[in-house]
Amino acid sequence: MRAWTQDLRFAIRSFAKDPWFTLVAVLSLAIGIGANTSIFSVANALLFRPLPYDSPDRLAILWNRSPGLGITQDWFSTAQYFDIKGGHHGFEQVALAIGGTYNLTGWGDPERVGAIRVSSNLFPTLGARPALGRLLTRDEDSPGVPATAVLTDGMWTRRFGRDPRIIGKSIMINGQTYEIVGILPRNFSLPQEVVPLLYGTEQAEIFLPLPLDPAAASLVRDHEDYNIVGKLKPGISVTRAQAEMDTITARLRREFPENYPPNGGLTFSIVPLLEQVVGNVRRSLWVLLGSVGFVLLIACANVANLMLSRAVARQQEIAVRTALGASRWRIVGQLLVESLLLSLCGGMLGFLICLLSVKWLHILGTKSIPRLQDVAIDGRVLLFTMLLSVCSAFLFGLVPALRLSRRDLNSTLKNASRGSAGASAVWGRGNNFRRLLVVSELALCVVLLIGAGLLTRSFTHLQNVSPGFNPQGVLTFDLTMTGQKYNDQQSILNAYRQLWERLEHSHGGIAAGGVTSLPLSEAYAWTPITVEGRTPLPGEKFLNADERLVSGHYFEAMEIPLRGGRLFNEQDDKTKPIAVIVDEYMAEQLWPGQVPIGKRIHIVELGSKDPWQTVVGVVGRVKQDSLDSNPRIAFYLPHTQFPTRALTVAFRGNTTPDAMLSSVQNELRSLDPDLPIYRVRTMEQQVDESLAGRRFSTLLLGIFAIVALALSTIGIYGVMAYLVNQGSRELGIRIALGASPGKILNLVVGQGMVLAFAGVTIGLAAAFPLTRLIRSLLFGVEAFDPMIFAAISLLLVMISLLACYLPARRAARTDPLISLRCE
């Protein structure tokens with residue numbers, strides 16, 4: 001122990017005497033360790049920390065899929081819920097939920113809040129217990145019982161000031177009285193990323209009962225709006241449960257062929273809840289973890305080179321220690337203590353970088369990282385930082401320590417008076433390990449830069465994708481007409497009609513309208529249709545198409561182009577035949593080479609009272625889900641024929657968003673002061689948020705690649721500068737014998753470029769298979785993009801050339817008298 005203490009004191013003194021070496025080494029390690037710890041903190045929250053529910057490994061969410069109809073993820077009907085509840089024996093609990101937004105009044109100003117209607121067994125399924133009062137009971141699953149509400153801790157705090165007397169008091173939700181019966185604990189939430197509700201909000205604040213009448217178990221099969229959360233029995237695997245689920249869906253396909261046609265391939269998929277949360281970002285996260293691992297390896301290679309350079313200056317010191325009786329392993333131990341001290345200092349500084357990075361992640365990763373609120377520094381992250389620091393110390397310190405401890409005592413003391421090495425300094429075998437480090441750095445850097453280049457080009461392509469509308473100058477918000485004033489369809493239509501007129505005549509107003517599913521808002525609805533005169537494919541009962549209701553001048557507000565026919569107008573009311581507008585993709589798919597105006601389709605959900613609906617117009621195709629997806633065929637129905645309370649309003653103006661919002665608030669206050677608006681944003685923000693995930697991954701990988709490039713450049717420069725310095729005697733002899741500065745320049749640059757070309761070649765060879773891992777993250781770019789591969793190779797070669805040229809120019813100016821003075 002005393003020996004280790006002596007080594008530590010000596011290491012501190014020696015580093016204090018060489019502050020520049022210490023600073024560069026610690027900073028290099030801090031960057032590598034800090035980047036790795038930051039990404040690990042995200043991985044820790046997403047992959048390694050369990051969800052905050054009871055037995056999270058047994059929790060799963062179910063999805064209704066019909067791949068043959070283009071439905072890869074759908075919700076459930078109540079009949080399907082009872083099919084699963086009564087026919088599946090692998091689940092301990094199966095709970096039902098449906099989201100929504102409601103007008104909350106009483107106890108302050110009216111506001112729009114997110115709420116979830118749930119079956120009473122959802123809370124036991126998740127292991128939730130009340131912090132105050134009680135939760136829902138089984139009696140509340142049936143109609144006819146008093147309406148109750150359970151509040152989240154956040155709602156209780158924000159709206160009611162944590163008043164414990166709130167239990168038993170009443171609130172008004174959409175004009176109906178609900179009694180508050182319980183408060184959930186502070187750590188309980190059911191965000192949209194955990195259970196993606198069809199009509200939900202990012203964070204629901206109220207839980208309401210979901211009473212179902214007897215018909216829900218058998219008759220209500222078409223309205224697929226519900227989420228199902230299940231808890232597997234102990235010992236039941238997902239694979240085993242899925243096999244039983246496949247048996248249920250096979251039976252449903254046989255018994256209900258009209259609902260589930262053979263070509264649809266109906267399946268109910270079981271997805272573990274953690275997989276549901278992190279599934280979309282798992283691959284990106286592993287790519288980022290691999291990238292920061294490369295950065296740390298490059299940093300360690302740089303520090304190893306620094307340690308080798310420092311070791312040369314300490315050869316005489318080590319030789320003297322050996323001559324005085326120090327064993328080889330005593331020398332190695334001392335050098336490893338120095339490496340460990342450097343690494344721990346780098347780890348501490350890297351931990352500070354991680355703390356700042358986590359704050360940055362909370363600011364920029366809002367729409368990119370699920371469970372972002374769980375990303376924090378905990379004991380596991382601290383342990384990871386410590387282990388990474390220790391492993392890094394051995395990674396960059398062990399080989400230099402072993403090489404230095406193997407030095408020949410006689411030759412070292414004999415050459416102690418010489419200021420530089422011989423010919424082997426420039427191209428001798430003694431520096432092969434140093435060259436290997438530089439080649440490795442460059443190879444890793446090539447892989448990182450190519451990955452960053454592919455993602456950057458992919459992101460650029462995605463930004464240039466036309467969404468099918470003009471997002472500039474459009475303010476959007478959600479609005480629901482609720483209350484006694486809107487107790488019939490005509491009053492709803494009149495209110496919206498007045499709103500459109502008011503907004504369009506307000507200052508700066510151009511056009512206003514509404515839609516049930518705003519593009520890029522993750523809101524969508526599809527419905528089965530049949531087409532007049534079209535012969536169905538074998539096993540096909542119907543087609544699936546996206547359905548959207550529009551009101552006012554929605555197409556004009558969004559600047560969705562009219563390709564043919566006409567738009568809806570006030571004459572399209574309930575006294576007229578149902579009018580339909582289709583998008584150009586639907587027109588191309590169903591009536592190729594024909595004029596679609598006047599063609600007829602049958603929307604199955606409308607029933608048989610209107611056997612056919614007539615196409616009156618064709619509009620441009622819009623990106624509904626995301627810019628990198630290909631939307632389904634879509635059609636629009638007029639709000640005047642199908643009034644609905646809730647719409648997303650699109651308001652185009654020629655003023656600033658703040659001025660437009662002020663106009664909206666003034667007009668709504670005049671129309672009805674009790675109507676709250678929510679989800680206020682511009683369409684430019686909507687487009688920007690749809691790109692948030694890709695932007696975040698691209699930005700991080702780009703930063704890591706730039707850091708790797710800087711470290712690699714410093715690495716090759718440092719090696720060439722060291723070799724020139726150590727080979728000054730040989731270079732002096734060459735110049736004394738008549739070598740021109742140009743030849744010396746070519747000699748040194750040539751040696752450096754051999755390393756550069758070797759590193760780039762190995763990096764390109766490694767990039768070919770590794771870029772296949774990010775293929776799913778690319779858009780409009782192949783994993784092997786010749787332009788990116790060539791550009792990155794050229795960039796590395798040019799930077800390496802510059803890094804070699806600077807030491808080479810200094811070598812060409814070597815004064816032979818000075819370099820040979822020791823002779």
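The values are calculated or read from the model by the stated rules, or taken from the named source; none is laboratory data. It should be emphasised that the depicted structure is a prediction, and the values quoted were computed from it without experimental measurement. FYI the Cβ positions are ideal-geometry reconstructions off the backbone, even for glycines, and counts take in every protein chain you see. Note: areas computed on protein heavy atoms with side chains; ligands, DNA, RNA excluded. Shrake-Rupley method; radii C 1.70, N 1.55, O 1.52, S 1.80 Å.
Taken together, Thr101, Thr72, Thr78, Thr37 contain a single residue that is among the polar types (S, T, N, Q), open to solvent by 10 Å² or more (accessible area, probe 1.4 Å) and in contact (Cβ under 8 Å) with a residue 40 or more places away in the chain, which is Thr101. The set of residues in segment 4-30 being within 23 Å of Phe704 (Cα to Cα) and polar (S, T, N, Q) consists of Thr22, Ser28. Quick check on my filter: what residues within segment 487-526 are buried (at least 17 other Cβ atoms within 10 Å of the Cβ) and among the hydroxyl-bearing types (Ser, Thr, Tyr)? Residues satisfying the conditions are Tyr496, Ser506, Thr516, Ser517, Ser521, Tyr524.
Looking only at segment 377-401, which residues are among the aliphatic types (A, V, I, L, M), assigned to a helix (DSSP H, G or I) and open to solvent by 40 Å² or more (accessible area, probe 1.4 Å)? Break it down stepwise before answering.
To start, the set of residues in segment 377-401 that are among the aliphatic types (A, V, I, L, M) comprises 377, 381-383, 386-388, 390, 393, 395, 398-399, 401.
With assigned to a helix (DSSP H, G or I) added as a condition, the list becomes 381-383, 386-388, 390, 393, 395, 398-399, 401.
Those that are among the aliphatic types (A, V, I, L, M), assigned to a helix (DSSP H, G or I) and open to solvent by 40 Å² or more (accessible area, probe 1.4 Å): Leu382, Leu383, Met386, Leu387, Val390, Leu395, Leu398, Val399.
For Thr72, the criteria (1) at pLDDT below 85; (2) more than 21 Å from Tyr226 (Cα to Cα); (3) among the polar types (S, T, N, Q) hold in every case but one, which is (2).
A Cβ distance below 6 Å, combined with a sequence gap of six or more or placement on separate chains, defines the contacts here; from segment 662-678, residues that are in a helix (DSSP H, G or I) reach residues that are at pLDDT below 90 and surrounded by 14 or more Cβ atoms within 10 Å (Cβ to Cβ) in the pairs Leu668/Leu675.
Could we say that Ile369 is within 30 Å of Arg49 (Cα to Cα), at pLDDT 75 or above, within 33 Å of the chain's Cα centre (by Cα) and not in a helix (DSSP H, G or I) here? Quick ask: steps written out before the conclusion?
Values: within 30 Å of Arg49 (Cα to Cα): yes; at pLDDT 75 or above: no; within 33 Å of the chain's Cα centre (by Cα): yes; not in a helix (DSSP H, G or I): yes.
The answer is no for Ile369.
None of Ile248, Ile206, Ile183 is at pLDDT 90 or above, open to solvent by less than 40 Å² (accessible area, probe 1.4 Å), more than 23 Å from Pro52 (Cβ to Cβ) and not acidic (Asp, Glu) except Ile248. A Cβ distance below 9 Å, combined with a sequence gap of six or more or placement on separate chains, defines the contacts here; from segment 129-144, residues that are over 26 Å from Pro52 (Cα atoms) reach residues that are surrounded by 12 or more Cβ atoms within 10 Å (Cβ to Cβ) and charged (D, E, K, R) in the pairs Ser142/Asp213; Pro143/Asp213.
Just one of the numbered conditions (1) out of contact with any helix residue (DSSP H, G or I) (no Cβ under 9 Å at 6 or more places or on another chain); (2) modelled with pLDDT of 95 or more is not true of Val474: (1).
The residue that is nearest to the chain's Cα centre (by Cα), among those in segment 253-281 that are farther than 27 Å from Gly100 by Cβ and in a helix (DSSP H, G or I), is Gly264. Just one of (1) modelled with pLDDT of 90 or more; (2) among the acidic types (Asp, Glu); (3) surrounded by fewer than 20 Cβ atoms within 10 Å (Cβ to Cβ); (4) part of a helix (DSSP H, G or I) fails for Asp7. It is (1).
Contact annotation: residue pairs with Cβ atoms under 8 Å, 6 or more positions apart or on different chains, pairing a residue in segment 571-600 that is without any contact (Cβ under 8 Å) to a residue 24 or more places away in the chain and in a loop (DSSP other than H, G, I, E, B) with a partner that is of a type outside the set (Ser, Thr, Tyr) and open to solvent by less than 20 Å² (accessible area, probe 1.4 Å), are Gly598/Val615. Considering segment 672-697, and only residues there that are at pLDDT 85 or above and either hydroxyl-bearing (Ser, Thr, Tyr) or open to solvent by less than 30 Å² (accessible area, probe 1.4 Å) (or both), the residue that is nearest to Asn305 (Cα to Cα) turns out to be Leu691. Which of the residues belonging to segment 110-127 are β-branched (Val, Ile, Thr), within 29 Å of Leu675 (Cα to Cα) and in contact with a Gly (Cβ under 9 Å, 6 or more places away or on another chain)? Residue satisfying the conditions is Ile116 alone.
Taken over segment 606-655, the criterion of being closer than 22 Å to Glu501 by Cβ, in contact with a Phe, Trp or Tyr (Cβ under 9 Å, 6 or more places away or on another chain) and either open to solvent by 30 Å² or more (accessible area, probe 1.4 Å) or of a type in the set (Gly, Ala, Ser) (or both) is satisfied by Arg645, Ala646, Ala650.
Among the residues of this structure, Val719 counts as one that is open to solvent by less than 70 Å² (accessible area, probe 1.4 Å), in a helix (DSSP H, G or I), more than 30 Å from Val358 (Cβ to Cβ) and not hydroxyl-bearing (Ser, Thr, Tyr).
Collect the residues in segment 585-605 that are open to solvent by 80 Å² or more (accessible area, probe 1.4 Å), within 40 Å of the chain's Cα centre (by Cα) and modelled with pLDDT of 90 or more, keeping them in residue-number order.
Residues of segment 585-605 open to solvent by 80 Å² or more (accessible area, probe 1.4 Å): 588-589, 592-595, 600, 605.
Remaining after also requiring within 40 Å of the chain's Cα centre (by Cα): 588-589, 592, 605.
Within segment 585-605, Glu588, Gln589, Pro592 meet the criteria.
Being open to solvent by less than 60 Å² (accessible area, probe 1.4 Å), modelled with pLDDT of 85 or more, of a type in the set (Val, Ile, Thr) and assigned to a helix (DSSP H, G or I) narrows it down to one residue among Ile744, Ile774, Ile762, Ile792; which is it?
On the way: Ile744 fails: modelled with pLDDT of 85 or more; Ile774 fails: modelled with pLDDT of 85 or more; Ile762 fails: open to solvent by less than 60 Å² (accessible area, probe 1.4 Å).
None of the others qualify; the one that does is Ile792.
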